[in-house]
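Here's the structure we're looking at; comments come further down.
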Amino acid sequence: MNNEKSVRGRGLRVSTNSIVCALFIIHCSLFINSSAHAQGYGYQRKHLEFYDDKPIHYGFFFAMPVTRFNVKYSPAYVNNTTVERLYSPNKVSFRVGLLVNAYLTDRFDFRFTPAVSLYGRTVQYEFADKATTQDVRESTWMEFPFLFKYKSERRRNSRMYLIAGATAALETNVRKRQAQSAGRLNTKTADLTLDYGVGFEQFLEYTKISPELRFSHGVVNLFAPTNASIAANTAGIQRLTSHTVTLYLNFE
């Protein structure tokens with residue numbers, strides 16, 4: 001009986017020692033594999049490691065705005081039996097510009113991005129007799145955004161950021177606009193928008209690419225009625241403000 005117990009005890013000790021040895025071997029193999037992974041193909045180089053040490057960075061961007069007018073109707077629109085519907089559809093436009101980014105703190109930057117934008121905003125009229133017409137406002141604008149950027153902590157070669165500020169804009173082709181026929185839509189030549197958006201920075205070996213989505217809401221009434229336009233279809237308009245959603249591709 002005692003011999004049987006001793007044999008069982010030795011068998012138990014052998015089994016326990018075998019399990020401990022197996023666990024130790026597995027642990028060592030995992031450690032070796034993780035070290036090899038870190039030193040081999042799993043290593044990722046940090047590009048432009050000292051990028052944030054410079055106080056000012058320069059760049060350029062291309063952008064695709066989708067823009068329209070926000071229309072506020074006048075009381076005359078309700079009593080107008082000629083125009084059944086009055087609205088501004090979304091129109092794809094083009095923008096190009098320069099970028100100046102100034103370092104403020106580890107989390108905040110100041111950004112100035114002057115740009116030239118080619119817009120083709122439209123006001124469309126649908127009449128009671130099912131006929132339709134539209135007034136296209138093709139214009140070139142010089143825009144001067146002043147923005148603050150809040151950036152997250154950098155994770156290897158990427159980070160997210162939020163951006164917000166305001167943009168002052170001036171129309172440049174004023175003579176062409178003033179030469180258009182009387183009775184058509186007339187707009188002002190200066191605008192001010194409030195901007196906000198989100199972006200993603202990707203650091204490459206020699207440059208940084210930043211896709212960005214930005215929203216702009218105009219605060220200036222761009223509608224400039226004339227005596228002729230009041231008597232025409234635009235009698236239903238009381239206020240026009242710009243609204244733009246823009247996709248940017250920034251290079252720094």
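The table for this structure:
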read-out: Amide H contacts of LEU48 (H built 1.01 Å from N, under 5 Å, at least 5 apart or other chain); value: none
read-out: Reach of LYS130 by Cα under 13 Å, taken over aspartates and glutamates that are not fewer than 8 positions away in the same chain; value: GLU84
read-out: Local electrostatic count, ASP52, Cβ distance below 15 Å [Lys/Arg +1, Asp/Glu -1]; value: +4
read-out: Neighbour cut-off at most 12 other Cβ (10 Å), DSSP loop, trypsin sites (Lys or Arg not before Pro), the range 47-145; value: ARG107, LYS130
read-out: Residues of type aspartates and glutamates that LYS91 reaches as a straight line, Cα spacing below 17 Å, ignoring anything fewer than 8 places off in the same chain; value: ASP135, GLU138
read-out: In order through the range 119-124: 3J(HN,Hα) via Karplus (6.51 cos²θ - 1.76 cosθ + 1.60), integer Hz, x for Gly, Pro; value: 10, x, 5, 10, 10, 10
read-out: Karplus-derived 3J(HN,Hα), 6.51/-1.76/1.60, for each residue of the range 49-62, Hz, glycine and proline x; value: 4, 9, 4, 6, 6, 7, x, 9, 10, 10, x, 8, 8, 10
read-out: Protein-only accessible surface order, largest first, of SER152, SER117 at 1.4 Å; value: SER152, SER117
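The values are calculated or read from the model by the stated rules, or taken from the named source; none is laboratory data. Note that the coordinates shown come from a computational prediction; the quantities given were computed from them, not determined experimentally. Cβ atoms come from the backbone with ideal geometry, glycine included; neighbour counts cover every protein chain shown. Areas reflect the complete protein model, heavy atoms only, side chains present, ligands, DNA and RNA absent. Shrake-Rupley method; radii C 1.70, N 1.55, O 1.52, S 1.80 Å.
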